[in-house]
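Encoded as structure tokens, the structure appears first; notes follow it.
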Amino acid sequence: MADDTDISTLRRILGTCRTIAVVGLSANWYRPSYFAAKYMQDHGYTVIPVNPAYPEVLGQKCYPTLADIPVKVDMVDCFRRAEEIPALADESIAIGARVLWMQLGIVNEDAKRTALAAGLEVVMDRCVKIEHARLFGGLNWIGVNTKVISSKRPRWLPY
């Protein structure tokens with residue numbers, strides 16, 4: 001089932017959850033997790049990388065698991081396969097997160113039920129970067145601010 005989170009809820013979540021643990025964050029600039037985390041970091045969010053493969057990503061210490069993070073986390077943003085989400089839901093509950101966010105293409109109804117029963121809000125099959133850009137005016141920021149998208153007509157086109 002697709003996500004049914006309404007716009008006002010998404011706006012509230014993105015407006016109040018300022019510390020985001022990004023599970024599966026890659027250090028490779030061309031990966032979607034890197035784009036999304038960089039965008040959120042550049043827009044004032046505290047991004048905490050969670051990936052045992054790296055010591056650091058985006059200038060932040062990288063933690064092997066959610067349980068290893070020493071600060072309070074508002075949102076857990078998951079860049080992992082759907083079958084890995086139930087365990088991440090349990091870890092999110094254990095650390096006291098308020099929101100479990102599953103990225104585009106990730107849907108797990110069992111994890112959703114578990115998280116909702118524990119009092120977490122759940123967003124599935126949505127990109128945190130895309131939703132923030134859509135709701136808070138960052139659509140010109142495509143991952144890197146190339147300034148390629150513009151409403152001005154290019155002068156070299158023969159109109």
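Descriptive notes on the structure:
- Among the residues making up region 96-114, those that are without any contact (Cβ under 8 Å) to a residue 60 or more places away in the chain, assigned to a helix (DSSP H, G or I) and surrounded by fewer than 23 Cβ atoms within 10 Å (Cβ to Cβ) are ASP110, LYS112, ARG113, THR114.
- Considering residues of region 23-81 that are loosely packed, with under 15 Cβ neighbours inside 10 Å and of a type in the set (A, V, I, L, M, F, W, C) only, the residue farthest from LEU100 (Cα to Cα): TRP29
- Single residue of region 1-17 satisfying the filter (outside any loop (DSSP other than H, G, I, E, B) and among the small types (Gly, Ala, Ser)) that is surrounded by the fewest Cβ atoms within 10 Å (Cβ to Cβ): SER8
- ILE20 being touching a Phe, Trp or Tyr at 6+ places or on another chain (Cβ under 9 Å), surrounded by 13 or more Cβ atoms within 10 Å (Cβ to Cβ) and of a type in the set (Val, Ile, Thr): yes
Quick note: the coordinates plus some simple rules give every number you see, no bench work behind them. Just so we're clear, the structure is a prediction, and the values are computed from it rather than from any experiment. Every residue, glycine as well, gets a Cβ built from its backbone with ideal geometry; the counts of neighbours run over all protein chains shown.
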